[in-house]
Structures are given as C-alpha cells and as structure tokens.
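Have a look at the structure below, then the notes.
The values are calculated or read from the model by the stated rules, or taken from the named source; none is laboratory data. In this text the structure is predicted, and so the values were computed from the model without any measurement. Note that we place each Cβ from the backbone using ideal geometry, even for glycine, and neighbour counts take in every protein chain shown. What goes into the accessible areas is simple: the full protein's heavy atoms, side chains included, and nothing from ligands, DNA or RNA. Shrake-Rupley method; radii C 1.70, N 1.55, O 1.52, S 1.80 Å.
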Amino acid sequence: MSRTPDEPSTSRDASTVSDVLVIGGGIIGLVTAWRAAQRGFATAVVDPEPGGGAAQVAAGMLAAVTELHYGEQTLLALNLASARRYPDFAAELAEATGRDLGYRRCGTLAVALDADDRAELRELHALQQRSGLESEWLSGRECRRLEPMLAPGVRGGLRVDGDHQIDPRRLAAALVTACERAGVVFHRMWAERLTVVRERACGVRTADGTELAAGQVVLAAGSLSGRLAGVPEDVLPPVRPVKGQVLRLTVPERYAPFLSRTVRAVVRGGAIYLVPRENGELVVGATSEELGWDTTVTAGGVYELLRDAHELVPGITELPLTETRAGLRPGSPDNAPLFGATGLDGLLLATGHYRNGVLLTPVTGDIMAHVLTTGELPEEARPFTPRRFTAAALTEQPV
Ligand code: GLY
C-alpha cells in the first residue's frame, strides 16, 4: 500500500511525523530522501551522522564494465542503467547544491602482471564482449604508453573508457545539502526499534526514546540493515558486513599527473585498484574480508595493499600515506541490492548494494521515488525485490 504526497501526514507534531521516514543517512538513504522530497513527500532521515557510512571509505569507482563478475549479468543491467544516469545526476546534484562532486569521466585501465593475470583478464574481456560491453585489449607497451608509471612487467590490459569515478565523500556531503534544501528533516540519532502497529510499520523509536511516525518507512541502513530491532525475523534483509580496508595517499605537485585514470589489476588472484583524483588524492583499495562487524585497520591489510600496488606502480612508495580506514560493504546473498516492499506493510528496503553503492546511487533514487509514489517497483528493478529471499521463493528455485 502506498500513500500519495497529497494525503495529509497527520495532525501530530510535524517535526516527528512524516510521509516517508528513511532509516540510514548514507548515500543510499540520502538519495532516497532527496528524491522522495522532490516528489512532494514530507520526508525525514534518522541517522546520528548523515553523510557517513561506507561512502566515507569507498573509492568511488563507477566500474560497471571492469568490475563485471560471472553470474552477475542481471545486476550488470542495473549497474549500466545507473552509469548511464550519472552525467545528468551529477549535473543536477551539483546545480542543486553548488558543490563539486569530484565526478571525473577519466576511464579505467585494468592490467595484468603475469601470465595467470593475463589469462584471467582475457576471460573478463570475453565476458564483456559477450555482454555487449565496450572494452579494448591493449598490449603491455600500449598500457604503459597510456600510464607511464605502470611497472615495466605489465603484460597487457583492458582499456574501458566508460568506467568513471566520483568522490564519494563529496557525493555524500552534496546529498546532505540537497536534502536540506529540499526540506528533508534530519533526526541526528540512532533508530533503535521499528514501530509496528497492527502488522504495519509506522515509524521508529530512537535511542533517546523519541517516537518518529511515518506513512512509509524505508530501511536503508547499509550493512546495519539486518540488525534493526522490531523488524520481524522473516522480513529482516539478509545483509551482512563485508570489510574493505582502503588507503589514501597524496600525489605531490612534482609527481603529477601520477596516474591519469583509474588503474586496476588482479595481482596473484587479489584485486587491487588505484583511483587518482584531480585534487591529488590517490585511493588504493581494497581488501574483502568476511569478519563481521570488525573495522580494524590491520598491518596485514595495509601491507597487502601496498605490496600489490607497488608491484603495479612501483613509484607509489614515494607518496605520503595520509589515511588508512576500513568500511563495511552491505553484502547480500546474490551480491545485488534489495528494493521495495517487504512482507511487512509500510516497510520498504533500499539496501544490500555491496560493491556498487556509489555506482547505483542515481538509479536507486529513481527506483525508490517510483516505489514510494506508486507502490510498485519499476520494470528495471523487479529482479531486485526482497521477495526473492523469502522462504517460499527460495524453495521454488530449481536445484
Ligand atoms: N567496488 C569496490 C569495492 O567494493 O571494493
């Protein structure tokens, strides 16, 4: 069931009552709130630190093509749909906020360092071609001509001019501003418990005991989405934290341009990427660790990232290391997000974006605005209904 923006919310205190209450003020919650407010819904976000979350750690690659994985073709269609929206989305958000998002249409080069890496990259190229994607195979020499800082041993690579980048911290800050300007109310506190009355979600109780009421509640709390008290067991999204350690270095003026585009590689089976920003920041990521809620930066994690990055771009050891941090990707059982209605009336999901939260931000905003307005998922989002993980759906699947 959905409400239209024209229906009055209720006559209670307007600061604690909304049409749409979004739990989670990361980029997914924020874009949902922004789009909902633009559609005329009285919208609120509950989060102790809006604009925080995984976007504070993420590198911001918009890598639908170079991050393609076997078995993720359905997700690929959604990733591509969001990538296509990025130019207009970034322009609209920059215009609405007057903020620079660090959106760079710089392309990506994925390279191989040894014969095994090369074979793996050839497989990726074949999969990209079967999927109708644009990527060009380059020799090692051609790779180094594009990126002279690459190691002399680079054996070949894939040039993907359509995989760009954005600065996720600037994206998050801009979305906070956009929400504020669109009239979104921020409750800067933890949502402690979902309020359910007569089998309908109708708000949350916060950590300080405030009751926030809403016509529709959107759970968009990233890796925390599976932990909100009060959500019935069979409705809780199957989202788990997947730790990623990320480094930030600075390229001094005298070394610029160190890299002109995102460079990725598989080094002895481990994925590594280097994302150069126009402001001199160089982001190096990322580990992928199933360690629950642990966000410790470890010597081993930093060592492995620097070791692999050094093998790829030896000059990296000259750069100041300015930050080490770990974040939690919201992983789902099929690596794809969950959108829309749950088995509990009034509760919607926008979560489980795993490795693609930044890339999927524009399409998520559009999907959630559609669901909130019509009660239905748009065609492109139907494969991502949370109902695919219900016990009934899982037992129906062929073995
Ligand atoms: N998409 C990059 C990562 O998840 O590390």
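Using a cutoff of 8 angstrom between alpha carbon atoms and counting only pairs six or more residues apart, the relative contact order for segment 102-154 works out to 34 percent.
Computed from phi, the 3J(HN,Hα) profile of segment 162-175 under the Karplus parametrisation 6.51, -1.76, 1.60 (θ = phi - 60°) reads x, 8, 9, 8, 9, 8, x, 5, 5, 4, 5, 4, 5, 5 Hz, with x in place of Gly and Pro.
Give the carbon-plus-sulfur fraction of the accessible surface of segment 57-175 in %, rounded to a whole number; probe 1.4 Å, heavy atoms of protein chains only.
Working: 2400 of 5170 Å².
Summing carbon and sulfur atoms, their accessible area is 46 percent of the total for segment 57-175.
If you take the Cα centroid of segment 360-377 and the Cα centroid of segment 255-298, the two points sit 31 Å apart. Axis angle, to the nearest 10 degrees, between helix 73-97 and the longest C-alpha principal axis of the chain: 80 degrees. Under the combined filter of DSSP loop state and at most 15 neighbouring Cβ atoms within 10 Å, segment 136-207 retains these GluC sites (Glu not before Pro): GLU199. The chymotrypsin sites (Phe, Trp or Tyr not before Pro) of segment 268-337 that meet both conditions, a loop assignment by DSSP and at most 14 other Cβ atoms within 10 Å of the site Cβ, are TRP293.
Rounded to the nearest 20 Debye, what is the dipole magnitude of the chain about its Cα centre when Lys and Arg each give +1 and Asp and Glu each give -1 at the C-beta? Dipole magnitude for the chain comes out near 360 debye. Its DSSP H runs of at least 4 residues, each contributing -39,500 (n - 2.57), put the calculated 222 nm mean residue ellipticity of the chain at -8500 deg cm²/dmol, to the nearest 500. 3J(HN,Hα) along segment 320-326: x, 8, 9, 7, 10, 7, 10 Hz, from the Karplus curve 6.51 cos²θ - 1.76 cosθ + 1.60 with θ = phi - 60°, whole Hz, x for Gly and Pro. With the chain treated as a Gaussian network of Cα nodes joined by springs under 10 Å, which of VAL284, VAL302, VAL204 yields the largest mean-square fluctuation? Result for the chain, Cα springs under 10 Å: VAL302 fluctuates most. Across ARG155, ARG130, ARG387, mean-square fluctuation computed from a Gaussian network of the chain (C-alpha pairs under 10 Å connected) peaks at ARG130.
Could you grab the relative contact order for segment 68-157? Cα pairs under 8 Å, six or more apart, rounded to a whole percent. Taking the mean separation of contacting Cα pairs over the length of segment 68-157, I get 28 percent.
Any idea what the relative contact order of the chain is, in percent, if you count C-alpha pairs under 8 Å spaced at least 6 apart?
On the way: 912 pairs, mean separation 92.8, N = 399.
Reported as a whole number, the value is 23 percent.
Rounded to the nearest 10 degrees, the angle from helix 361-374 to the longest Cα principal axis of the chain is 20 degrees.
Of the residues GLY132, GLY209, PRO232, the one whose Cα sits farthest toward the positive end of the charge dipole of the chain, with +1 on the Cβ of Lys and Arg and -1 on the Cβ of Asp and Glu, is GLY132.
With every protein chain present, what is the per residue accessible area of the chain (1.4 Å probe, Å²)? Show your work: numbers first, answer last.
Details: 16930 Å² over 399 residues.
Result: 42 Å² per residue.
Helix 115-130 and the longest principal axis of the Cα set of the chain meet at an angle near 50°.
Can you pull the percent of segment 229-361's accessible area that's carbon plus sulfur, 1.4 Å probe, other chains left in place? Intermediate values should be presented prior to the final figure.
Working: 2610 of 5080 Å².
The computed percentage sits at 51.
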